[in-house]
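Structure record follows, encoded as structure tokens.
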Amino acid sequence: MSGLPPIPAFLFRLLTPHAERREVLGDLAAEYAQHVRARGRLAARVWLWRQAAGSVPALLRRGWWRGWSGFEPEANRMQPGGPMFESWIMDLRFSARRLSRRPGYAALAVLTLALGAGGTAAIVSILREVMVEPLPMRDEHSVGILWFGGSWNEQEFVSLRPQFPGFERMAAYRPLDATLEVPGRPLRLVRGITSSAELFEVLGAAPALGRVFQAGDDLQGAQPVAVLSHGLWQDLGADPAILGQPLSLGGVPHSVVGVMPPGFWFPNPTVRVWTSTALRPDSRSGMYTLVGRLEKGRAMESMQGPLAALARTLGERFQYMPQWDKTRSPSVSSVREFLIGDMRASLLATFVAMALILGIACVNVAALMLGQLGGRSTEMAVRAALGAGRRRLMQQLVMEALLIGAAAGAAGAALAAGGFRVLKAALPLGALAESAELDWTIFWAAVATALAAASLTALVPGLAIWRADPQRGLASSSRTVGVSARGGRLEAGLVVGQIGLAVLLASGAGLLLRSVVNLRSIDPGCAVAGVAVVDATLPAQISHDQRRLAILEMTSSLASLPGVKAAGAVQKLPLRGSGDNWGLTVDGKPEMSGTTTAFRLVTHEYLRAMGARLVAGRLFEAATDRRDTEMVVVVNEAMAAKYFPGEDPIGRVIRTSAQVPERIIGVVGDMAEAALTDAAVPARYVLFEQIGYTPSNVSFVLAGERESDVPALLAAARGVVTGSPRMALQQTTTMESVFEHAVGAPGRVSSLLVLLSGLALALGAVGVYGVISHSVARRRRDFAVRIALGLPPARVTAQVIGRGLRLAVMGSALGVAATLVSTRPLASLLYGVGGADPAALSGAALALVAVGAAAAFVPAWRAGRTDPAVVLRQE
């Protein structure tokens with residue numbers, strides 16, 4: 001055969017049936033060699049090509065009618081069809097029959113792998129979208145966000161604008177949600193930002209229609225312009241003629257100059273419009289975030305020098321209060337790091353949990369397959385003794401694993417789709433959840449993952465077969481049922497590893513649960529239960545007096561709703577982050593001048609609606625505290641302690657930037673004005689009625705008579721606000737939801753990890769049950785002999801349970817050790833608890849030990865009921 005020219009030999013090898021290939025090629029090679037000797041190599045080659053030309057059509061026709069699998073009607077045992085497929089299909093059908101006779105094992109293996117593959121596919125989709133997929137900007141690694149985000153002012157930006165050291169361009173932006181007024185449609189809110197003219201140049205983003213901002217768009221007196229998102233443009237009719245047309249945003253006509261392409265967003269996918277801001281060089285109101293594009297050739301890691309120069313310039317030009325000193329610790333973060341924020345730890349923790357579940361699933365299926373092999377050891381030994389090759393035995397195991405993997409892949413795709421929705425809602429993705437999508441190619445990823453995992457699991461029992469001695473298997477078949485002790489040790493080792501992974505996952509969940517308990521035990525200083533929240537926006541073009549009147553009228557309307565105990569309004573709710581800090585002076589205390597406190601504009605009933613605790617003095621009263629009376633203020637305990645230590649603050653006078661005297665009439669308990677875990681900050685509450693400034697955003701709070709009234713209150717309040725011609729509804733929620741959001745990522749991730757830990761516990765129980773059950777089956781004769789010789793059945797039961805406990809204890813010890821060295825990724829999610837928390841670690845270990853003991857009880861009870869007469873008679 002080796003003497004044949006390669007091309008004709010390849011044709012004959014390809015078209016000749018596998019069963020006849022060796023004989024045909026051998027005859028051809030012998031006849032070709034004879035022609036070479038008799039007539040020369042050239043004539044022999046001509047003869048061979050003539051044979052190929054005459055044979056190829058007949059071989060193609062013969063192969064077509066005989067089929068490719070060997071199971072078509074035209075094929076038979078004398079004329080087996082198909083090249084190499086017959087044994088595969090036979091083994092596939094054999095494996096399918098075996099699995100159908102063991103539905104419990106098949107279902108458990110399929111669901112176990114589907115859970116691991118589907119869950120991993122779902123979390124990988126989110127990780128890819130949030131942490132891997134390119135952001136909608138050019139060269140995102142060159143775009144950075146400066147420190148003190150949300151606190152830069154226009155004076156700083158305009159002063160530094162000609163040259164930011166180390167940056168090609170710098171832009172300033174801030175959130176500016178606006179009311180959208182379209183003739184014939186109700187007033188509605190659109191998410192937006194307002195920025196300097198450089199924004200799109202910094203981002204490197206080009207429009208789909210029109211243009212983006214250009215120099216001069218952000219000057220005082222310039223025509224306000226707007227760039228629309230592709231989605232908003234479609235909502236408005238998708239008319240290209242919209243360019244140059246006026247669009248009323250916040251009551252101010254803006255000229256639409258451009259439309260961004262589909263998929264573009266910044267700084268989050270909920271933003272639908274970008275407007276130019278008229279920069280005021282004298283404005284010291286810190287509301288902006290600065291985003292810049294680095295000079296060519298620079299990296300984030302090499303920006304220490306330019307940032308230090310920028311800090312020195314700031315120190316030379318501006319004076320800062322200690323808590324707002326921008327000259328300290330200057331830094332720049334990549335735009336992805338800034339947008340992802342605290343999500344990274346949550347996503348990685350969930351990914352690790354899913355990976356552990358996949359690992360547990362693979363180990364579990366391997367242990368199950370190894371246990372199934374234990375019941376087939378005699379069969380395998382007989383088949384090997386009768387001539388079955390090890391390759392064919394391995395092939396059957398691989399076929400069984402591939403069947404399990406294919407079914408798990410299909411089920412895993414469904415789990416991936418459902419799990420993606422669950423993860424999307426559970427993880428703290430924030431606004432980025434809008435852009436996260438499950439690509440349906442995830443089906444193939446899930447299938448490939450499941451097939452790869454199943455094939456790997458087949459290697460474990462396959463290795464046992466490969467190393468097994470058929471003669472020893474036959475010799476031991478009369479004494480025991482199962483694989484050798486080596487297989488039993490391997491199966492037990494797999495279960496120990498599986499329990500270790502489950503303990504690692506359960507320990508992480510326990511640490512997060514402890515953190516969540518600690519977070520939820522923090523008193524926010526305000527009522528959480530039974531309080532409805534309605535966020536709204538007013539048009540920016542109406543005057544401060546008109547906005548104040550609209551807020552007071554809406555508060556009155558909401559207070560008259562059935563079931564409302566108290567209703568108030570505030571420009572910033574507790575637990576929603578820092579901001580709105582105003583400077584003050586204290587009469588008689590010049591050393592306190594130039595400092596700031598949290599500043600909250602409220603209505604008369606706000607503090608009562610929020611359940612504020614009165615410490616001294618009184619709260620606001622509508623009858624006495626009016627616009628035409630003395631300006632009054634209520635302060636919190638932190639402010640009283642800082643500005644009036646050891647003194648009675650009631651009656652003292654403080655002043656804001658307007659220098660109007662404000663008399664303190666009351667002290668209330670501290671509320672969590674910023675983050676839940678922050679220390680109490682000085683705060684003061686001033687009436688909307690008594691100050692000349694009214695913001696365009698407002699939150700209404702409604703305290704219900706009963707907690708059960710909140711859903712009805714939200715529905716009624718939504719209708720009242722929506723019907724207002726001067727107010728757009730932003731969202732409706734509850735203080736409980738605000739509090740849960742303040743608990744943050746640990747609260748949402750812990751629920752998910754608890755669910756995954758429960759699954760890991762269940763899988764651990766299955767693993768322990770399987771290995772103990774197989775061990776009992778292997779030692780049936782041994783137990784029968786011992787009971788016949790007088791060993792009490794209770795002792796047999798105890799011995800079997802003891803083996804299950806030993807496996808659980810070893811696995812738990814392994815898991816605890818792994819937890820101690822791998823809890824660093826969870827550090828940013830923990831609060832009030834360390835990575836080596838004894839309660840969490842011991843709780844997880846004890847849970848797995850208890851599960852192991854419970855799983856071992858059923859086979860132990862079965863072993864204790866062994867009837868020596870029946871077993872020995874069978875043997």
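The values are calculated or read from the model by the stated rules, or taken from the named source; none is laboratory data. From a predicted model like this one, the values you see are computed outputs, not experimental measurements. Glycine also receives a Cβ, built like all others from the backbone with ideal geometry; neighbour counts cover every protein chain displayed. Ligands, DNA and RNA are stripped out before the accessible areas are found, and what is left, the full protein with its side chains, is counted by its heavy atoms. Shrake-Rupley method; radii C 1.70, N 1.55, O 1.52, S 1.80 Å.
Here segment 703-757 and segment 675-701 have alpha carbon centers that stand 20 Å from each other. Among 54-60, 193-199, sorting by the average number of other beta carbon atoms lying within 10 angstrom of each residue, highest first, gives 193-199, 54-60. Please pull out the direction-averaged projected area of segment 128-255, using the convex hull of its alpha-carbon atoms, in nm² to one decimal place. If I average the Cα hull's projected area over directions, I get 9.6 nm².
Using a cut-off of 15 Å between beta-carbons, work out the net charge of the residues near VAL256 (Lys and Arg +1, Asp and Glu -1, VAL256 not included). Result for the neighbourhood of VAL256: -2. The lysines within cross-link reach of LYS642, meaning a Cα-to-Cα straight distance under 19 Å and a gap of 8 or more places when in the same chain, are LYS589. The alpha carbon centroids of segment 565-630 and segment 779-805 are separated by 76 Å.
Give me the orientation-averaged projected area of the Cα convex hull of segment 724-767, in nm², one decimal.
Details: hull surface 19.0 nm².
The directionally averaged projection comes out at 4.8 nm².
The mean sequence distance of close C-alpha pairs (under 8 Å, at least 6 residues apart), as a share of the length of segment 615-727, puts its relative contact order at 28 percent. Cα centroid distance between segment 543-561 and segment 191-224, in Å? Cα centroid of segment 543-561 versus Cα centroid of segment 191-224: 34 Å apart. The residues neighbouring TRP324, those whose beta-carbon lies less than 12 Å from its own, together hold a net charge of +1 under the Lys/Arg +1, Asp/Glu -1 convention. At the residue level, MET631 shows approximately 20 square angstrom of accessible surface with a 1.4 angstrom probe and all protein chains present.
Ordering 393-406, 112-125 by mean Cβ neighbour count within 10 Å, with the highest value first, yields 112-125, 393-406.
Ranked by solvent-accessible area (1.4 Å probe, protein heavy atoms only, all chains present), the residues TRP582, TRP444, TRP265 order from largest to smallest as TRP444, TRP582, TRP265.
Per residue, the convex hull spanned by the Cα atoms of segment 497-620 amounts to 233 cubic angstrom. Taking only the C-alpha atoms of segment 88-157, the Rg (one decimal) and the largest Cα-Cα distance, Dmax (whole number), read 25.9, 80 Å.
Could you grab the Rg to Rh ratio for segment 219-293? Cα atoms only, Kirkwood for Rh. Here the Rg-to-Rh quotient is 1.00.
Taken along its principal axes, the alpha carbon cloud of segment 612-752 reaches lengths of 48, 42, 30 Å, longest axis first. Summing +1 for each Lys or Arg and -1 for each Asp or Glu among the other residues whose beta-carbon sits under 14 angstrom from that of ASP709 gives -1. Only aspartates and glutamates eight or more places from LYS572 in sequence, or on another chain, were considered; those with a Cα closer than 13 Å are ASP535, ASP580, GLU673. Beyond 28 Å in Cα-Cα separation lie the following of the pairs LYS326/LYS424; LYS296/LYS326; LYS424/LYS565: LYS326/LYS424; LYS424/LYS565.
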